[in-house]
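Bear in mind these aren't lab numbers, they're just calculated from the coordinates by the rules spelled out. Quantities reported herein were computed from a predicted structural model and do not represent experimental measurements. Counting neighbours? That spans all protein chains shown, and the Cβs are built from the backbone with ideal geometry, glycine included.
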Amino acid sequence: MGRGRFTSKRANFQTDLMSIGSFIVKNALRNKRRATLSILSVAVSLFLLVTLLVALRELTVPPEGEGAALRVVVRSRISIANALPARQRPIIERIPGVEAISPFTWFGGKFKSEEAMSFAQFAVDPVEFPRIFVESKVPVEQIKAFQADRQACIIGKITADKYKIKAGDRIMLSSTIYPTDLEFKVAGIYSGSIDDRNMFFHQKYLDESIGDPGEVGTWWIKVRSAEDMPRVVAAINRAFENTSAEVRAESERAFQLSFISMMGSIKLVVGLISTAVVFALMLVSASTMSMAIRERFRELAILKALGFRRRELFAFILAESFGLAMLGALAGVGGAYSLFTFGDIAKMTNGIFITFEVTHKIVGIGLLVAAGLGIIASIGPSISVARMSVVNGLKTLD
Amino acid sequence: MTGANVVTIRDLSKIYRQGEINVTALNHISLEIGAGEFLALMGPSGSGKSTLLHIIAGIDRPTNGECRVQDVDVTRLNESELADWRNQNVGFVFQTFNLIPVLTAYENVELPLLLTRLNRKQRRHQVNTALELVGLADRAHHLPRQLSGGQEQRVAIARALVTSPRLVVADEPTGNLDSQSAHDVLGILQVLSKTAGKTVIMVTHDPKAAAFGSRTIHLEKGELSN
């Protein structure tokens, strides 16, 4: 006797997605408390993941603007805290490819009666400064006023808004580094840079107030072209080799990255936390899906008896798991996106972060993690269901 | 109203392995069941009657032997073929109804039709016909928890019939019902066999239920006893 003449007249499973979809939604939401808690656990975890990724990006991604690509930072080879002699300037200026150079000296001033410094101040060369930081937008008359008055300063828009400072105001800062208090006249407000919180004033004003020690914090240089960058960097490093003030010259990008590395292995720590979040999330989701499916073993056995195949049952489980994970992702990633895009992040973080951009890539990572989570969480229950015989499944207690 | 054989069983055995021990559930059974027959399978617990029913219905596999249903040897179909075959040829009625609790009566009955080529309108017609047949058209949009046990079982019968299978298998369909509901359900199964020509195979402990059948066979220790 042969195998028989059975020929399947089965339809495509997706004959009626509405009916199938409604069945999946009803199943997913049959235990509303568990579904809500599952969605919330995914949402909170993904919110945390997105926050960590954005924080990591904000801390580690160096400026990528055209201006930044042409800037070189020169600091003491020993430590960034060590000052450099002002006499280095003409030597650097003579190096071919150097277009502009300005000192960049940390003042560390406290504003008003604040206990800690709430924004950074740097002493610069007011003429060279606009040539180096081309992305900072300041009205021409304000820049002229800044350059013309030794006591003048320009302040970033965020700080100006925070303290309601406007052009023409006078402000007082007490340095935590130098034994001096300085009064400044606000000549202008700048914006459009990567960090619109800082204040810039005349290096000469600082020098005069502290007895002209002939030192600067760092040199910031603009090179003529990106092609000149490696040669200029090498030339500067070479120029001060075996002197009492050896330097380390590097691109702004390299400087920012090395600056970050000084803060410890933030990337590693954030990476580990993110991995732990994702892993914990996966365990929670897998456990929830397993419980949900175990509860319905009998029903899945009935579906098998009625003619549903393994792959169709897998599709049910996958759709349910994926759907819950994606709802969690919408809430978590969407919530983070809304909060960080439309909220005042400077206020929320007390000025630690000015921008907190949830990039498309980070949104993508969040959604991808959720999708992966949905898929992985469905694998275990699907294997159990595939292995389950109809007869054994029907014996399962409700 | 019986005719050519719908089920032909030859030398069928089923041996379960429980740890180190082999348990013979069915021992070289041979049996023929005609079209339109309402067969009652009786026997004490553990006699193998449910196992036999499961093999005929294609939800369990024998260790040896042949089980042809409408000329198809179901023991030789693979998992997917068996799923399709069940969908198109067998209607199931279980003791505990086994309706999906989140779906209405209508949606429960519609479930097997989601695997067919019928469009929504055709499905609606089939589902309504099946529900009318069991007298529950007015309860189509009730959830199982809103129905009595007897009504749930009638919905399960409607689900078993909706794909128009030739074979309906019922595993103690009245085990959880009061006598009136049991009578109603058995009446429906009887009508299916007598007037619609369905072959109904029912496992039961209850001689009164078996009396509704056109034939009763007894199983004992995995063998036919009469």
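Between the residues A:186, A:226, A:209, the greatest Cα displacement towards the positive end of the dipole of region A:165-248, with unit charges on the Cβ of Lys, Arg, Asp and Glu, is found for A:226.
Ordered by the count of other Cβ atoms within 10 Å of each Cβ, fewest first, B:74, A:233, A:134 give A:134, A:233, B:74.
Computed over region B:1-61, the percent of Cα pairs more than 20 Å apart is 30.
Kindly provide the helix-only [θ] at 222 nm of chain A, computed as the sum of -39,500 (n - 2.57) over DSSP H runs of four or more divided by all residues, to the nearest 500 deg cm²/dmol? Provide the component values of the computation, followed by the final result.
On the way: 16 runs with 211 residues, N = 398.
Rounded to the nearest 500, the figure is -17000 deg cm²/dmol.
Mean projected area of the convex hull spanned by the Cα atoms of the protein assembly as shown, taken over all viewing directions: 41.1 nm².
Relative to the dominant Cα principal axis of chain B, helix B:79-89 is inclined by about 60°. Taking the number of Cβ atoms within 10 Å of each Cβ as an exposure proxy, the fewest-first ranking of A:105, A:341, A:396, A:288 is A:341, A:396, A:288, A:105.
Assuming a ≥ b ≥ c are the square roots of the Cα gyration tensor eigenvalues, decide whether region A:158-285 counts as rounded (a/c under 1.5), prolate (otherwise, with a/b larger than b/c) or oblate. It comes out oblate by the Cα gyration axes.
Each residue, residue A:148 and residue B:145, gets one label point 7 Å from its Cα in the Cβ direction; the gap between the two is 8.1 nm.
Angle of helix B:149-161 to the longest C-alpha principal axis of chain B, folded into 0 to 90 degrees and rounded to 10: 80°.
Calculated translational diffusion coefficient of region A:36-166 (37 °C, 0.692 mPa s; Stokes-Einstein with Kirkwood radius over alpha-carbon pairs) equals 177 µm²/s. About its Cα centre, the dipole of chain B is roughly 520 debye, where the only charges are +1 on Lys and Arg Cβ and -1 on Asp and Glu Cβ.
If Lys and Arg each add +1 and Asp and Glu each add -1, what is the summed charge of the other residues whose beta carbon sits under 15 Å from the beta carbon of residue B:221? Please list the in-between numbers first.
Details: positive: B:14, B:49; negative: B:220, B:223.
Result for the neighbourhood of residue B:221: 0.
Computed over region B:116-157, the P(r) tail beyond 14 angstrom holds 47 percent of alpha carbon pairs.
Rg of the Cα atoms in region B:16-100, relative to 2.2 N^0.38 Å, amounts to 1.17. Please label the shape of region A:188-237 as rounded, prolate or oblate, based on the square roots a ≥ b ≥ c of the eigenvalues of the alpha-carbon gyration tensor (a/c under 1.5 means rounded; beyond that, a/b larger than b/c means prolate, else oblate). Cα axes put region A:188-237 in the oblate bin.
Taking only the C-alpha atoms of chain B, the Rg (one decimal) and the largest Cα-Cα distance, Dmax (whole number), read 17.2, 54 Å.
To the nearest whole number, what is the average tally of beta carbon atoms from other chains within 10 Å of the beta carbons of peptide A:303-316? Don't skip to the answer; put the middle values down first.
Values: counts 5, 5, 13, 17, 17, 7, 8, 3, 2, 3, 1, 0, 0, 0.
For peptide A:303-316, the averaged partner shielding equals 6.
Sorting A:382-391, B:47-56 by average packing, meaning the other beta carbons within 10 Å per residue, from highest down gives B:47-56, A:382-391.
Which shape class, rounded, prolate or oblate, goes with region B:108-211 when its Cα gyration tensor gives a ≥ b ≥ c as root eigenvalues, a/c under 1.5 marks rounded, and past that a/b bigger than b/c marks prolate?
Numbers: a/c = 2.16, a/b = 1.41, b/c = 1.54.
Oblate, because a/c is 1.5 or more while a/b does not exceed b/c.
With helices defined as uninterrupted DSSP H runs, which ones in chain A have an alpha carbon span along their own long axis of at least 20 Å and mean Kyte-Doolittle hydropathy of at least 0.5? Can you show the working numbers first?
Details: long enough: A:32-60 (41 Å, 1.32); A:266-295 (43 Å, 1.62); A:310-342 (46 Å, 1.11); A:360-387 (40 Å, 1.45).
Long hydrophobic helices here: A:32-60, A:266-295, A:310-342, A:360-387.
In terms of surrounding Cβ atoms within a 10 Å radius of their Cβ, A:353, A:342, B:212 rank from fewest to most as A:342, A:353, B:212.
Among A:281, A:29, A:367, which one moves the most in a GNM of chain A with springs linking Cα atoms closer than 10 Å? Between A:281, A:29, A:367, it is A:29 that shows the largest mean-square fluctuation. Angle between the Cα long axis of helix B:179-195 and the longest principal axis of chain B, 0 to 90 degrees, nearest 10? Helix B:179-195 sits roughly 80 degrees off the main axis of chain B.
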